[in-house]
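S.K.: Below you will find the structure I want to go over with you.
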Amino acid sequence: MSESARQPTAAGLILRGGPISPFVRKVAMCIIEKGIESRVQCVRSVTAIATPNIELQRFNPLSKIPTLITAEGLALFDSDVICEYLDTEYPPATLYPARGPTRWLTLRWCALGSGILDALVLWRTERNRPPAQQMPTILGALDVKVNAALDLIEYELPAIQASGVDISHVAIACALGYLDFRFSDINWRSSRPRARAWLEEFSQRPAFRRTLPYEVSSPSEAEPHFWKQAVFPEAPSS
Ligand SMILES: N[C@@H](CCC(=O)N[C@@H](CS)C(=O)NCC(=O)O)C(=O)O
């Protein structure tokens, strides 16, 4: 990591990201659930797999969002690392059970939600290629994996929802929300009534409503969107 990436910041936490990324959304939802929005300065960073962002790479060589700069100036990346950092360092820790079977079940379901997102992002990249370049075997395999993971969520939902809101709920809600945003052609609800009902209830939470993805304007003007408040543009390095 470069020296500049370790400079302490005066403003507390700095979150680099934007309103479309479902991985950034996980972090934004954690911040809202924990009530620590006032400690976070948001900086819009735009990046894509084929276009690395040089500014962002000063902090995260992988050029991925979310990237969080801690108050000590440490750049953290990968949404799951950032979410656990926030929950641990900004007590009370409510999103990650400390130990025992509950912890491992929660992390397992969180990995399921995050893994669905990984597969959906790959799927979208593949299906956005010109038709002649698309690989049907890859498209088919991603379809099979995403649907199998959704089936597991449906099957285990009574256990998943037995606890209060935790990181697994955040990750699964982001995965289902991303399906609705980018894969509206897939009717995942029809064979999964428990997941449908669960998301309907979960989507009433401010953390869900205020982080809905948007490309042009935020979906609701009635309440402030997470990415509409005090968001700073990325400053080019001198
Ligand atoms: N595993 C990472 C995935 C983050 C990720 O892939 N973010 C996308 C935006 S949705 C990105 O930054 N893509 C740019 C790239 O892949 O180079 C996490 O959980 O944070």
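S.K.: Take region 111-136 and flag every residue that is more than 17 Å from Ser21 (Cα to Cα) and crowded, with 18+ Cβ neighbours inside 10 Å.
M.R.: The one that is more than 17 Å from Ser21 (Cα to Cα) and crowded, with 18+ Cβ neighbours inside 10 Å: Leu112.
S.K.: Next up: Filtering region 6-48 down to residues that are among the basic types (Lys, Arg) and over 18 Å from Ala93 (Cβ atoms), which residue is modelled with the lowest pLDDT?
M.R.: Residues of region 6-48 among the basic types (Lys, Arg): 6, 16, 25-26, 34, 39, 44.
Still in the list and also over 18 Å from Ala93 (Cβ atoms): 6, 16, 25, 44.
Working: Arg6: 38, Arg16: 97, Arg25: 98, Arg44: 94.
Per the stated criteria, the residue is Arg6.
S.K.: Does region 148-160 include one or more residues that are touching a residue at least 24 places away in the same chain (Cβ under 8 Å), farther than 17 Å from Arg196 by Cα and part of a helix (DSSP H, G or I)? It would help to see each step written out before you state the result.
M.R.: Let us first name the residues in region 148-160 that are touching a residue at least 24 places away in the same chain (Cβ under 8 Å), namely 149-154, 156-160.
When the remaining residues are screened for being farther than 17 Å from Arg196 by Cα, the result is none.
No.
S.K.: Right, another one. Of all residues in region 120-140, which are farther than 21 Å from Leu176 by Cβ and more than 16 Å from the ligand (Cβ to nearest atom)?
M.R.: Passing the criteria: Pro130, Pro131, Ala132, Gln133, Gln134, Met135, Pro136, Thr137, Ile138, Gly140.
S.K.: Quick one: how many residues across region 66-79 are surrounded by fewer than 24 Cβ atoms within 10 Å (Cβ to Cβ) and touching a helix residue (DSSP H, G or I) at 6+ places or on another chain (Cβ under 6 Å)? Before you say what the answer is, go through the steps one by one.
M.R.: Step one: list which residues in region 66-79 are surrounded by fewer than 24 Cβ atoms within 10 Å (Cβ to Cβ), which gives 70-78.
Add one more test, that the residue is touching a helix residue (DSSP H, G or I) at 6+ places or on another chain (Cβ under 6 Å), and what stays is 73, 75-76.
Number satisfying all stated conditions: 3.
S.K.: Now for a separate question. Got a sec? Which strands (runs of 3 or more DSSP E) wholly within region 1-118 have at least 1 residues that are free of Cβ contacts under 8 Å to residues at least 40 places away in the same chain, touching a Ser or Thr at 6+ places or on another chain (Cβ under 6 Å) and within 8 Å of the ligand (Cβ to nearest atom)? Reasoning before the result, please.
M.R.: Working: elements: 13-17, 40-44, 67-69, 75-77.
By residue number, 75-77.
The values are calculated or read from the model by the stated rules, or taken from the named source; none is laboratory data. Worth saying up front: this structure is predicted, and the values here are computed from it rather than measured. Cβ coordinates were reconstructed from backbone atoms using ideal geometry, including for glycine residues, and neighbour counts include every protein chain displayed.
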